[in-house]
Each structure stands twice: as structure tokens, then as C-alpha cells.
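This report concerns only the one structure given below.
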Amino acid sequence: MDGKIGDVDQLIEQYKGLPGGLLPLLHAIKYALGYIPESTVGSIAKGFNLSRAEVHGVISFYHDFNTQPVGHHRVQICRAEACQSMGSREIESHAKHSLGIEYGETTSDGMVTLEPVYCLGNCACSPSIRINDDIHARVNESRFDQLISELTMPDADNTGVSS
Amino acid sequence: MTAQVFIPRDTTALSLGADGLALKMAQDIESRSIDAEVQRNGSRGMFWLEPLVEVKTESSRIAFGSVNASDVESVLDAIDDHLAGKSIDHSLYLGEVKEIDYLAKQQRLTFKRAGVGDPICLSQYQSLSGFKGLAKAISMTGQEIVDEIKNSGLRGRGGAAFPAGIKWQTVLDTPGEQKYIVCNADEGDSGTFADRLLMESDPYQLIEGMTIAGLAVGANQGYIYLRSEYPVAHKILNDAIKRATEAGFLGTNICDSGKDFFLEVRLGAGAYICGEETSLLESLEGKRGMVRAKPPLPAIEGLFGKPTVVNNVLTLGAAATIMEQGSDSYRDFGMGRSRGTLAVQLAGNVKRGGLIELAFGITLRQVIEDFGCGTHSGRPVRAVQMGGPLGAFLPESQWDTPLDYESFAEIKAMIGHGGIVVFDDTADMAAQARFAMEFCVVESCGKCTPCRIGATRGVEVIDRIVGDQDRDNNLILLHELCDTMELGSLCAMGGMTPFPVRSALTYFEEDFGVNSRRDH
């Protein structure tokens, strides 16, 4: 997540010839910058010979693509049925309360962005959460607190958001 | 022989600390100079026992279940005893892997290799009959391959259960220079993980199945549309594709057949609706995942307007097994028009959750009671939801239904992708019905009105029923709304969201306040 907006032009060049290359491009931009800046929509549209509205439509359709910067760690709580059957609604309210944020928001120190997710495919060991690319099973309130307390800022240990 | 200590590297084992466990195990083996080495395998799918540690020697393959890093020392003591020919006395010891009842009672065809060894080791795959189906397919004509699939009775395992051979035949019969094989790996249903398990534990089977499909219909390009919620599967698939390409099983002139087949993984972006095949194709084309009206069928006008086979991970995996073992042996499993095996996924509030592969025909009760052995919480089971978020909630009175597509349709339920989510008696079924509508609000593609608007109205109407605002009229309204969604939606998202809602109302009406008010 240490890329610059200027790198986007290079990514557009790389992906514009790929059949159906818009989603792979958006993933690549998100991987490089952590988000898809609104300011890049024009150049993406030009590179893919699409209207700005079409590009905006694609970005806004998918839950994964955010157009604003997010926290250093993306914490997703599974809201789907299997996790609900094992108490994920309690984890959900505990997470919002302990972090002091709602879904889609970032803690004031920029550490954590909280998001809902609908199934991590780990349903035999519910409830599950995902932190960046790591999935954690059988999470309860204290385990959640422990996982959050282990998160560090990237300048402290050079780990960044990897997704 | 140096003993092999297997520790899985699939998502579930990792989510329960398998990496830390493997590290500690390797360090302690070295410091104690035990004649053993740690290897990473896929999972057997007995998720309630993860991380499952297996120890393979010349004469045995034993297991320890639910092992934590803090257990390493005592487990190594037990392994030491075992290697010295002594008997094992350890609370986590499970005996021979293949004799664990959960596994021994299954009929594993698609998942026969899962967990046996390193998922991306090509020679391991080949030593377990891997790529034999492909070799057979290479010696056959496209029509002969399609006939084998037709004869097997294989139906789509994604949920719709459409006969795979007929789909392949349509693509074969449609003229076109360019055709595609698309694997639907957007396994979004809650309670399902069979696709993930296959991709993480036996990825070459999917690669083999897709290549066979390509040979059958004359397609040289395949895409695996994988959900972004599966980062571990993503990495394993990419590694496997790279190795298979280097070894000549993918790419140009595969296995000196003169045929080409290229394969690529494309990531979804968190949209449930992209598991619907036409929405998936739109997404693969780089567009919003909006559902297409059918006809035209994707088999005739699919990806980029070209003839396209779209099949689920398990369907394509089964194709490899069918080609290897022969279609007659596959169709010998099952009942009625549901042939072969079903990958049941037992999940939620259950004591022994995991993957259970069995021939069609056993009852829901056998799965829940014999394999699940009750709830994780220890409380009574109140309901199970079969077939994902669009599947019905079923009380115990319905559990004697055999797992067969037609039998489930008769009770207004569906097998879908085979997921079963168990709820204990603390579950609020009105809240679950509301969630079904809420999920449809979040995930509807928005193309058709019954789904887009109906789901929003559905949440509101359920809130009014539960809040006892003009309950009788709102109940009528909810049923009419469900009719509209079922009959008027473009795809199963809006068309089947009423299934969980109506089943909750039918079997658990007291949760909606219906009985409590009548008591007054």
C-alpha cells in the first residue's frame, strides 16, 4: 500500500489489453493504494474506452472497492447465517462498541476499518472474522480484543494492508 | 523411514492456528532429534478436529485432533512412543485416520485425495490417479467425452442441478471459433465450503476437470471466477496452475495432444450475486454483475458472447473422476435422478461440522444426527437451513427427507450447493426471516423490481408483523410480496429469498408473535 496515484497510469497500460481487464485493474489499484481514488476514474475510462459513468458504476457495484482511504487494517466480521448461529451478532455489537465505529468507518487513529462480510467459507468453525488476509475461527469477545490488540501501525513493523 | 507429520494448510486449519503449530512442531522435532519431518497437507474436511495432526510411518497413519501449539510437547512424547512401537496414551489421540468414523462412513469420490498430501505436489496427484481422466479424454472425441458425462447422470453441483452433459452438448453443438470454460468458484452461500476445500486440498482435480471440459466442447481458454473472500484458495490455485503449465498439463499442446488449454484465475469483488452464472459472466467481462435475461443461454451466447460452459467447482471436479473411473461406476451411486455423490457441508451450531461426501439418498436426519452429533452449544437443535441463504428453514419434522433434488423440491426446499446450517433453540426465526430479506437488499443486483424493491419492503413488513402493527393484514401482505418475488424475479436471488421467509413463517410462526397474540 505504498504506491502513488501516478502509478495508476502504468497499471492501466498493463491491464487495458486484457479481456475483461477492468476488475483485475481495480484490484491492482486497490492493492497498490489501498483504495480507488475518484480522481483516477477519468484515466481508467479513457484507457478502457468506457464512459466515466460506466467505470464509476463498476466501482460502486462491488463491496470490495472503496473510493476513500481506509485504515491500516481491514477487519471484517462475518454476518452470514452459520456465524449468526454461533453468536456473531454479539461479536458484531462488541466490535462496534469496543472500536467506537460503525461498519464502513475507520478508527480515529487510522488503525482499523470495520466491514461486514457475507461468508468466509469457514462455517464449520464459526464465528469467523478476517483481518487483512488472515481468517480467524471460533472468535469470541475476548479473542476479538486480543486480535485487535496485536495489530500494529505499519511504520512500527512495516506490515501493511495486504489486500 | 522418517515419519511424516502432516499439518494442514487450508483456511480452516490456518484460522485455528496451524501455521504457529507447524512452526513449533518443526522446532521441537529438531531440538529433540526425533526422526520425523513436518509436511503441510490439505484438509480432510473434518473441520471439528482441526488442526488435525497426522503421523505417517511405513505401517500406519495416525491422527491427533484439535492440536494447539501448547500441545506440541505432549503430542511429540506420544509420537516418540509410537515410533518406538509403544502404545499411545494421549487425550487428543484419534487412532488410524481412515478408521475415524466420520471419515470411514463417507463415500469419497471427489474428495478422495483431500488431505492425503501436499495439495500442489504434482507427482503426489499423479500417484493417486490424477490426470488419468485427462489421458483418457485425450484419446476420445469431444462427443465421446460428452456422452460419458451424460451417461454418468452428473447434474450441476452449484445449486441449479442442471444436467452437465446436456450443457456440454449444447456448447459442443454451437459453432464457434472461440469457446470458453468458466468455473464458478464464487461459493457465497453461508454454510458451504466444499469448493474451497477442493481448491485448497486438491486443486489439480479442478484443473483436470476444466481441461477435460475444454477438450469435450472445443474450448481453449478457461477462467476460474474465485471469490475474493478466499485468499488461501487464490494462492494455492495460482501455484497449481503455474506448476501444471510448466509440466505441460496446461498451455499449448497439452500432454502432446496437439490441443491447447489456458487457464486463469479471476477474482470477484465481494458480490454474492456474481455466483449467479450470467451475473458472473458480466463480472468476468469487467462489468457490473447484473443478471442477464435468459435466453440466450450462456451455452450459446456466454462469455464475450461466445459459447460457454459455466460449471461449479464440484461439477468440474466430478467430471475428472467420471473420466477416470468411468461413467457407469459414478451413476451407480445415488437415487432417482440424483446420481453420484453429494458433498454435504455441515456447519453452524453443530458439534462435528465438516465435509461429508455421500451418495444421494441418505436422509437429512442421518447427516445431522450421525455425523453432527448435536449442537456445539449442547442445546437442542431447533432448525436447520439447507441450501444457503435462499434455502428453507426445516424443523425436525422434515428431517426424514432423503437428500435428493426432487424430494427436496417436493417440500419446497432445496439441496442447493449442499450446505446445512444448524441452529439451536435460542435462534429467533423471525430475525432469521428478516435477515433473509435484509441480505437480499444488500446483495440484489438491482436489475429487476421484485427483488430490488421487494426485499426492502419485506424487511419493513416483517418488522411490522413482529411489532404487532396490523399483524393479520401484514401477514397477508408478506405472502403476497413473496408471491411477487417468486414469480416476478429474474433470477433465484429474488425468486428464492421467500423460501427461508415462508418456511420460518410456516414452521416457527410463534417467533413472529402470531401464537402469543392468539392466546389472549
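The values are calculated or read from the model by the stated rules, or taken from the named source; none is laboratory data. No experiment lies behind these values; they were computed from the predicted model shown. Glycine gets a Cβ as well: all are built from the backbone with ideal geometry, and neighbour counts include every protein chain shown. Only protein heavy atoms, including side chains, enter the accessible area calculation; ligands, DNA and RNA are left aside. Shrake-Rupley method; radii C 1.70, N 1.55, O 1.52, S 1.80 Å.
Legend: residues in the range A:59-94 shielded by at least 20 square angstrom of accessible surface upon adding the remaining protein chains to the isolated chain (1.4 Å probe, heavy atoms) are A:61, A:62, A:63, A:64, A:79, A:81, A:82, A:84, A:85, A:86, A:89. Counting protein heavy atoms only, the range B:92-239 has 53 percent of its accessible area on carbon and sulfur, 1.4 angstrom probe. Overall dimensions of the range B:218-366, expressed as equivalent-ellipsoid semi-axes from the Cα gyration tensor (√(5λ), whole Å, largest first), are 28, 22, 19. The residues of the range B:363-520 present an accessible area of 39 Å² per residue when probed at 1.4 Å with all protein chains retained.
The residues B:263, B:172, B:490, sorted by heavy-atom accessible surface at 1.4 Å with ligands and nucleic acids left out, run B:490, B:172, B:263 from largest to smallest.
Maximal additional length on extending the residue B:19-residue B:473 stretch stands at 157.8 nm, based on 0.36 nm per residue less the C-alpha distance. For the pair residue B:30 and residue B:363, what calculated FRET efficiency results from E = 1/(1 + (r/R0)^6), where r is the Cβ-Cβ distance and R0 = 35 Å, to the nearest 0.05? That gives a FRET efficiency of 0.10.
Between residue B:262 and residue B:132, the simple spin-label model (points 7 angstrom out along Cα→Cβ) gives 3.3 nm.
The label-point distance for residue A:109 and residue B:68, in a model that sets each label 7 Å from Cα toward Cβ, rounds to 2.7 nm.
Excluding ligands, DNA and RNA, the accessible surface per residue across the range B:115-211 is 29 Å² with a 1.4 Å probe. If you wrap the tightest convex hull around every Cα atom of the range B:319-404 and split its volume per residue, you get 106 Å³.
Looking at chain B, the DSSP beta bridges with both ends there are about 50 percent antiparallel. Rolling a 1.4 angstrom probe over the range A:71-158 with all protein chains present gives an accessible area of which 45% lies on carbon and sulfur atoms. Rounded to the nearest whole angstrom, the semi-axes of the ellipsoid equivalent to the range B:22-72, taken from the Cα gyration tensor as √(5λ), stand at 19, 14, 9, largest first.
Sorted into 10 angstrom bins from 0, the C-alpha pair distances of chain B split as 4, 18, 27, 25, 16, 7, 2, 0 percent. In plain terms, the C-alpha convex hull of the range B:144-252 casts an average shadow of 7.4 nm² when viewed from every direction. Working from label points 7 Å from Cα in the Cα-to-Cβ sense, the residue B:162 to residue B:400 distance is 3.6 nm. Computed over the protein assembly as shown, the percent of Cα pairs more than 42 Å apart is 24. For the range A:101-119, a decrease in accessible area of 50 Å² or greater in the assembled protein chains relative to the isolated chain, with a 1.4 Å probe, applies to A:118, A:119. Taking amide hydrogens as placed 1.01 Å from N in the peptide plane, the amide H of residue B:41 sits under 5 Å from those of B:7, B:9, each at least 5 positions away in sequence or on another chain.
These residues, B:259, B:167, go from largest to smallest accessible area, 1.4 Å probe, as B:259, B:167. Straight-line cross-link partners of residue B:235 among the lysines, defined as a Cα under 20 Å from its Cα and at least 8 positions apart when in the same chain: A:30. Total lysine pairs in the range B:70-227 at Cα distances under 22 Å, for residues eight or more apart or on different chains: 11. Only beta bridges with both residues in the protein assembly as shown are counted; by DSSP, about 50 percent of them are antiparallel. Here the range B:305-367 has 45 percent of its accessible surface on carbon and sulfur atoms, given a 1.4 Å probe and all protein chains in place.
Could you order B:227, B:32, B:365 by accessible surface area, starting with the largest, using a probe radius of 1.4 Å?
Details: B:227 5, B:32 80, B:365 55 Å².
Order by accessible area, largest first: B:32, B:365, B:227.
Applying 1/(1 + (r/R0)^6) with r as the Cβ-Cβ distance of residue B:411 and residue B:235 and R0 = 60 angstrom yields a FRET efficiency of 0.90. The accessible-area loss of the range A:6-31 on complex formation, taken against its chain alone with a 1.4 Å probe, reaches 10 Å² or more at A:18, A:19, A:20, A:22, A:23, A:24, A:27.
Across all directions, the average projected area of the convex hull around the alpha carbons of the range B:375-442 is 5.0 nm². Shape annotation for chain A: C-alpha extents along the principal axes are 49, 36, 22 Å, from largest to smallest. In the context of the full set of protein chains, residues of the range B:292-355 present 31 Å² of accessible surface per residue (probe radius 1.4 Å, heavy atoms only). Buried between A and B is an accessible area of approximately 3700 Å², summed over both sides with a 1.4 Å probe.
For residue B:434, the solvent-accessible surface with a 1.4 Å probe is about 80 Å², rounded to the nearest 10.
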